[in-house]
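Some notes on the structure that comes next.
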Amino acid sequence: MQISLGPLAYCWPKAEVEAFYQQVANSEIPLVYLGETVCSRRREIKFADYMAIGKMLSATGKQVVLSSLALIDEPSIINELKKLVDNGEFMIEANDMGVVALAKQAKLPFICGPTINNYNLATLNKLHSWGMQRFVMPIELSQDWLQQIISDPKKADFEVEVFARGYMPLAHSARCFTAKQLKLTKDNCDTACINYPKGILTQTLEQQELLRINGIQTQSAKYIDLSQHYLQMQQMGIDYFRVSPFSSACVNYANSLVDFNQTNIETNNLSCNGYWLNQAGMQQINS
Amino acid sequence: MELLCPAGNIASLKVALNAGADAIYLGLKDDTNARSFAGLNFSPKKLQQAVEYTKHAGKKIYLTLNTFARPSEEHRWYQAIDMAADLGVDALIVADISLLDYAHSRYPWLDLHLSVQASASNLAALTLYQQEFDIKRAVLPRVLTIKQINTLAKVSPVDLEVFAFGSLCIMAEGRCHLSSYVTGQSPNTGGSCSPAKFVRWQEQGNRRLTRLNDVLLDQSSLDEQMGYPVVCKGRYLNEFNQVGQHALEAPTSLNTLSLLPQLAQAGIVSLKIEGRQRSPAYVEQVTKIWRQAIDTYLENPTLYQVKEQWNQGLAKVSEGQVTTLGAYERDWQ
């Protein structure tokens, strides 16, 4: 099993993003996803900038994948996504069926991100026949669920990746919740999410940390951490352990996982692993 | 324009047809559909009765199979498709690619409607499903404005259906994990959002606490009208509000009576009423009012105006008793 770094889900200033990927370039992480997956209104980093970052990472021997939006509402976005799919250099992570359709039409290989509803082998094999090379398991599925898919002799030749560390994307909406908290409209949001590099932490009335508001995306307040299941995942034959970054420390952490050992396992009350164990996603269950 | 009404049991189906529904959608009594609540839905025998009754009335009936097939248990979903084909339902409402593939390859004469749970919001996705599985219709997720729907409808390769009335799902459907994050139960796999067995109400002095799997979703006065508790409509704290507000959405219902002319002009073929889990009284009331509205519009489109008594009648059965246009209106977004 190898380590992958998922796309940055937040809106950070351009200089910070560039510094972040410079740090990634200096790491041993073999697979890096980059691109805007949340909101088409975020324009800090443009297509050409992502291509430049991708080339810089690729030059260090890393596999680079361009990630795409999880929700396509405005019809004009499809044209921008076509440009992304036809970039000529990097594989695409499709996070909406629209992008699967574009890649299939262009006869280009693609990866299915966690927001494509791949719940069973027949679906995965179908997507493989359309060009899918790898899929990231939908976050709410469990070890048991995945085991049944992986061990089925009918499984086609595609790779398996698990969203294994980071704040989980739980939902996407037409509404921008960051704008709503700030009493702004979506059309005049001024990309206010740039001020919330890890989203807006939202608690219950009993101060239980529950959600993280990240524009149109709602994330988990706790971060999933499957490090204690690392060896099991390796034995299952999972190809990639995805770290979804929320700070530069995540790059160091992902880098340390490249040579995994027991000291990489950390559990605390800020993390959760419930989904993997077929429980409520927010639960942390220690073995 | 079709008026498509929900039925959680035979009683609802009968009142809906009687009140003017053009078509009925319903689900089986198991986790093959995303409204798997105790005491709701149809056994195979009841489904047969429902099909016969609806056909006799000259109306259409669609079976909802909108969850995702579970590994090693796929046969249960396949059997549901076989049964539906055998009973002669008019269409299947499906989200899972493997089930679309199964139904299309075995029963090419059986119409397929792409469920809202497939979350297909754009031309590229609709075209893919049409080309691969010959879907006849798609139910649009509640993420598009009326303007975006209008643009999409002009080029869509398939007929489009939209939600007209009922509980408001504010997230892209079929891709929301809020329920499973808190309870472990997902509409995609277990068949329901925010299952009743995890809901607990506690009275504390003059306050009522609403919990979902022990997580406090809301705290209200005893006389406040509450909707069914779901994570997206809870009251929360964050740096912008220290007292507790509906950070994502308040308990409201969708009501698009005022958009009816625009939806008709956009060429939307079907208006869906949400609420298979609601009572026959709800189904009857909502169907009657929407029948009147559609007939009023068709009689004389230019003179169409929403009648106050329609809105009042719908408000009586609405969640939280507040209605909204939801994502159809840009300001809501």
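Of the residues making up the range A:105-155, those that are assigned to a loop (DSSP other than H, G, I, E, B), closer than 26 Å to A:Val243 by Cβ and among the polar types (S, T, N, Q) are A:Thr115, A:Asn117, A:Asn118, A:Ser142, A:Ser151.
Would it be correct to say that A:Glu93 is open to solvent by 10 Å² or more (accessible area, probe 1.4 Å) and closer than 28 Å to A:Gln279 by Cβ? Against the criterion (open to solvent by 10 Å² or more (accessible area, probe 1.4 Å) and closer than 28 Å to A:Gln279 by Cβ), A:Glu93 does not qualify. Among the residues of the range B:104-136, the one identified as away from chain A (no Cβ under 14 Å), open to solvent by 10 Å² or more (accessible area, probe 1.4 Å) and of a type in the set (A, V, I, L, M) is B:Leu110. Only one entry of A:Ser271, A:Ser227, A:Ser247, A:Ser256 meets the criterion of being surrounded by fewer than 15 Cβ atoms within 10 Å (Cβ to Cβ) and more than 9 Å from chain B (Cβ to nearest Cβ), and that entry is A:Ser247. Of the residues in the range A:47-55, none is in a loop (DSSP other than H, G, I, E, B), over 24 Å from A:Met97 (Cα atoms) and away from chain B (no Cβ under 14 Å).
Only residues that are more than 14 Å from A:Tyr33 (Cβ to Cβ), within 11 Å of chain B (Cβ to nearest Cβ), part of a helix (DSSP H, G or I) and touching a residue at least 12 places away in the same chain (Cβ under 8 Å) were counted across the range A:67-104, and they come to 11. Determine, yes or no, whether A:Gln219 is surrounded by fewer than 21 Cβ atoms within 10 Å (Cβ to Cβ) and either outside any loop (DSSP other than H, G, I, E, B) or within 11 Å of chain B (Cβ to nearest Cβ) (or both). When the stated conditions are applied, A:Gln219 does not pass them. Collect the residues in the range A:117-133 that are open to solvent by less than 10 Å² (accessible area, probe 1.4 Å) and more than 9 Å from chain B (Cβ to nearest Cβ), keeping them in residue-number order. The one that is open to solvent by less than 10 Å² (accessible area, probe 1.4 Å) and more than 9 Å from chain B (Cβ to nearest Cβ): A:Met132.
Residues checked against (1) outside any strand (DSSP E or B); (2) open to solvent by 10 Å² or more (accessible area, probe 1.4 Å); (3) of a type outside the set (Gly, Ala, Ser):
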residue: B:Asp31; (1), (2), (3): yes, yes, yes
residue: B:Phe37; (1), (2), (3): yes, yes, yes
residue: B:Val51; (1), (2), (3): yes, no, yes
residue: B:Gly58; (1), (2), (3): yes, yes, no
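A:Arg212 falls short on exactly one of the conditions (1) over 19 Å from B:Gly184 (Cα atoms); (2) part of a strand (DSSP E or B), and that condition is (1). Screening A:Leu201 with (1) in a loop (DSSP other than H, G, I, E, B); (2) surrounded by fewer than 19 Cβ atoms within 10 Å (Cβ to Cβ); (3) within 7 Å of chain B (Cβ to nearest Cβ) gives one miss only, at (1). Scanning the range B:173-203 for residues that are hydrophobic (A, V, I, L, M, F, W, C) and crowded, with 22+ Cβ neighbours inside 10 Å, we see that the one that is modelled with the lowest pLDDT is B:Cys193.
Taking the conditions exactly as written (under 20 Å from B:Asp86 (Cα atoms), in contact with an Asp or Glu (Cβ under 9 Å, 6 or more places away or on another chain), without any contact (Cβ under 8 Å) to a residue 40 or more places away in the chain and assigned by TED's automatic domain parsing to the domain that holds B:Trp290), does B:Ile24 satisfy them or not? When the stated conditions are applied, B:Ile24 does not pass them.
Given the condition open to solvent by 10 Å² or more (accessible area, probe 1.4 Å) and free of Cβ contacts under 8 Å to residues at least 12 places away in the same chain, answer yes or no: does some residue in the range B:204-220 qualify? Yes - at least one qualifying residue is present in the range B:204-220. Residue pairs whose Cβ atoms lie under 6 Å apart, separated by 6 or more positions or on different chains, with the first residue in the range B:83-103 and more than 9 Å from chain A (Cβ to nearest Cβ) and the second open to solvent by 20 Å² or more (accessible area, probe 1.4 Å) and of a type in the set (Lys, Arg), are B:Asp90/B:Lys60.
State whether one or more residues within the range B:57-78 are aliphatic (A, V, I, L, M), farther than 27 Å from B:Leu271 by Cβ and in contact with a Pro (Cβ under 9 Å, 6 or more places away or on another chain). For the range B:57-78, residues aliphatic (A, V, I, L, M), farther than 27 Å from B:Leu271 by Cβ and in contact with a Pro (Cβ under 9 Å, 6 or more places away or on another chain): absent.
When the range B:155-171 is filtered for residues that are at the interface with chain A (Cβ under 9 Å from one of its Cβ atoms) and either part of a loop (DSSP other than H, G, I, E, B) or open to solvent by 10 Å² or more (accessible area, probe 1.4 Å) (or both), the ones remaining, listed by number, are B:Val155, B:Ile170.
Of all the numbered requirements in (1) within 14 Å of chain A (Cβ to nearest Cβ); (2) in contact (Cβ under 8 Å) with a residue 40 or more places away in the chain; (3) within 21 Å of B:Thr210 (Cβ to Cβ), B:Ala247 misses one, and that requirement is (2). Pairing each residue of the range B:142-154 that is more than 10 Å from chain A (Cβ to nearest Cβ) with any residue that is surrounded by fewer than 18 Cβ atoms within 10 Å (Cβ to Cβ), provided the two are 6+ apart or on different chains, yields C-beta distances under 7 Å for B:Ile146/B:Gln262; B:Ala153/B:Gly267. Restricting B:Gln265, B:Gln312 to those that are under 29 Å from A:Glu74 (Cβ atoms), of a type outside the set (D, E, K, R), exposed (fewer than 15 other Cβ atoms within 10 Å of the Cβ) and assigned by TED's automatic domain parsing to the domain that holds B:Gln148 reduces the list to B:Gln265. For the structure I just gave you, tell me whether B:Leu254 is more than 9 Å from chain A (Cβ to nearest Cβ), at negative phi and open to solvent by less than 10 Å² (accessible area, probe 1.4 Å). Spelling it out, B:Leu254 is indeed more than 9 Å from chain A (Cβ to nearest Cβ), at negative phi and open to solvent by less than 10 Å² (accessible area, probe 1.4 Å).
Among B:Glu308, B:Glu239, B:Glu284, which is the only one that is within 26 Å of B:Asn33 (Cβ to Cβ) and of a type in the set (Asp, Glu)? So the residue among B:Glu308, B:Glu239, B:Glu284 that is within 26 Å of B:Asn33 (Cβ to Cβ) and of a type in the set (Asp, Glu) is B:Glu284. When B:Tyr181 is tested against the conditions (1) at the interface with chain A (Cβ under 9 Å from one of its Cβ atoms); (2) more than 19 Å from B:Val94 (Cα to Cα); (3) without any contact (Cβ under 8 Å) to a residue 40 or more places away in the chain, the lone failure is (3). Candidates are the residues of the range A:105-116 that are in contact (Cβ under 8 Å) with a residue 40 or more places away in the chain and open to solvent by less than 10 Å² (accessible area, probe 1.4 Å); the one that is farthest from the other protein chains (Cβ to nearest Cβ) is A:Ile111.
The values are calculated or read from the model by the stated rules, or taken from the named source; none is laboratory data. Small disclaimer: the values here were computed from a predicted structure and weren't measured. Here Cβ is always computed from backbone atoms with ideal geometry, including for glycine, and neighbour counts include all displayed protein chains. The accessibility values were calculated without ligands, DNA or RNA, using every heavy atom of the protein model including side chains. Shrake-Rupley method; radii C 1.70, N 1.55, O 1.52, S 1.80 Å.
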